[in-house]
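Written out below as structure tokens is the structure these notes cover.
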């Protein structure tokens, strides 16, 4: 029988002779050799994260909605967080902070601080969960900092498989631990939705067989938003790679751009990199001018933006200079194997 530790709110944990004993409401035993923690409605996912000492733990999240902020620090290496069922809609971790939301001390959270889920741990694996930020602009007209992140991920070898990432602006912040770090992330069979710059950051990240969905915004201007906003460090040869994916939209035709480059004011040396290849793009993408600028000082034409073998109405090449393409020889380099190097999560049994 699998040894488990079931966590309850405000439960204290004490290590005893090769296992863990929960001290407080309901004592339970966890076999340290199996390193499995179960979280059920009424529990906190963060309690399980805090209890997972020593690396290599698996946290199983049972069906329910967990309204909390989860933070996985760098010392929780090789942690697996997975839903108990195969359906990521069954287990939802959600909160509603925005960049401009005030903290108890009167300061604001900022973009990264608004995240529902944050991880800096190397070797993280997340499977079969929904990570969401349900903060809405319409409910908070007094707040101008409208970035509201579902997941802020740093740390090398971060794997997300079959995960739903839901928010509006800045849904997924795929970043690195430091400017000089080329931390790798791999997203497979994930669903990611949002509106403005909803996949952004400087990570070396591969998105394979992912579904990107742009939301309809009640605005009178175009574009309504952009899917990607990479901020790749100049020294990093690879940024974001989307391959064998699809882009759909809840907005009208041509309302969205594929991307715009993000050159942060605190990292003006950034040279954003994005390759989208073998991907279906629906009519929600503006096929004539699919890229735009975030700041005029950093035009997208000077960035490392390329496409290859895309298809669908949003991928039609009507103005070639607006859709820079890889050659077949160049495309042979822009693969998951090149981007992820000696880390091959796609080759697991």
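Given the Cα-Cα distance of residue 140 and residue 268 and 0.36 nm per residue of separation, how much length would full extension add, in nm?
Result for the pair: 42.9 nm of gain on full extension.
With each pseudo-label sitting 7 Å past Cα toward Cβ, what's the residue 89-residue 34 distance in nm, one decimal?
Taking the two extended label points, one gets 3.0 nm.
What is segment 64-347 by shape, rounded, prolate or oblate, if you read a ≥ b ≥ c off the alpha carbon gyration tensor as root eigenvalues and call it rounded for a/c under 1.5, prolate for a/b larger than b/c, and oblate otherwise?
Note, shape of segment 64-347 comes out rounded.
Could you pull out which residues in segment 241-255 have an amide N less than 16 Å from a spot 7 Å beyond the Cα of residue 218, following the Cα-Cβ vector?
Residues passing the 16 Å test: 251-252.
Would you work out if segment 62-146 is rounded, prolate or oblate? Take a ≥ b ≥ c from the square roots of the eigenvalues of the alpha-carbon gyration tensor; rounded if a/c is under 1.5, else prolate when a/b is larger than b/c, oblate otherwise.
Here segment 62-146 falls in the oblate category.
Looking at the chain as a GNM with Cα springs under 10 Å, which of 111, 171, 269 has the largest mean-square fluctuation?
269
Given a Förster distance of 25 angstrom, what is the FRET efficiency for residue 325 paired with residue 180, based on the Cβ-Cβ distance and rounded to 0.05?
Taking R0 as 25 Å, the efficiency between residue 325 and residue 180 is 0.20.
For segment 233-336, just say rounded, prolate or oblate: build the C-alpha gyration tensor, square-root its eigenvalues into a ≥ b ≥ c, call rounded for a/c under 1.5, and beyond that prolate if a/b exceeds b/c, oblate if not.
Cα axes put segment 233-336 in the oblate bin.
Can you tell which of 233, 331, 120 shows the greatest fluctuation in a Gaussian network model of the chain with Cα springs below 10 Å?
The residue with the greatest mean-square fluctuation here is 331.
Give the Kirkwood hydrodynamic radius (Å, one decimal) of segment 165-304, defined as one over the mean of 1/r across all pairs of different Cα atoms.
Computed over segment 165-304, the radius equals 14.8 Å.
Grab the DSSP H runs of the chain that are 4 residues or longer, score each as -39,500 (n - 2.57), total them, divide by all residues and round the 222 nm result to the nearest 500 deg cm²/dmol.
-1000 deg cm²/dmol
Compute the relative contact order of segment 64-347 as a whole-number percentage, counting only Cα pairs closer than 8 Å that sit 6 or more residues apart in sequence.
Relative contact order here is 12 percent.
What is the antiparallel percent of DSSP beta bridges lying wholly in the chain, to the nearest 5?
10
What length, rounded to one decimal in nm, is gained on full extension from residue 309 through to residue 191, with 0.36 nm per residue of separation minus their alpha-carbon distance?
Working it through step by step, the gained length comes to 40.3 nm.
Suppose the chain between residue 347 and residue 67 were pulled fully straight at 0.36 nm per residue; how much longer would it get relative to their current alpha carbon spacing?
97.4 nm
Taking springs between alpha-carbon atoms closer than 10 angstrom, which of 63, 320, 261 fluctuates most in the Gaussian network model of the chain?
320
Every number here is computed from the coordinates shown, using simple stated rules; none is lab data. All figures in this text were calculated on a predicted structure; none of them were measured in a lab. Here Cβ is always computed from backbone atoms with ideal geometry, including for glycine, and neighbour counts include all displayed protein chains.
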